[in-house]
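Quick note: the coordinates plus some simple rules give every number you see, no bench work behind them. Since we're looking at a predicted model, the values are computed, not measured. Please note: Cβ atoms are built from the backbone with ideal geometry, for glycine as well, and neighbour counts cover all protein chains shown.
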Amino acid sequence: MAVMTYKSDSLGLTIEIDHYTCDGDGECVDICPAEVFVMENEKSTAPNVDECTECCACVEACPQTAIKHSSC
Ligand code: SF4
């Protein structure tokens, strides 16, 4: 496991998800209005980063503070 980096060149932003601390409870999946996150093997991933609206809800919702967002 590692810190996963998801970059949107079109939006000029980056989301980092720390897979050491992510415990897979899926708060980010539930709260993201743009369906950016997908759970894979009980870890959050952000394959749809290009859909992000930069609302910062994922950063605030993660109980493990495992998500870093370049705009938040
Ligand atoms: S900032 Fe908002 S839109 Fe972007 S990934 Fe987080 S919850 Fe989704």
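Under 5 Å from the amide H of His19 lie the amide H atoms of Ala2, Val3, Met4, each residue being 5 or more positions distant or on a separate chain, with H modelled from the backbone and absent for Pro and chain starts.
Close amide H pairs (under 5 Å, H built 1.01 Å from N) link Ser71 with Thr14, residues at least 5 positions away or on another chain. Neighbours of Tyr6 by Cβ distance under 13 Å: Lys/Arg scored +1, Asp/Glu scored -1, total -3. Working from the Cα coordinates of the chain, the gyration tensor eigenvalues give, after taking √(5λ), semi-axes of 17, 13, 11 Å in decreasing order. No disulfide-compatible partner, judged by a Cβ distance under 4.7 Å, exists for the following cysteines of the chain: Cys22, Cys32, Cys52, Cys55, Cys62.
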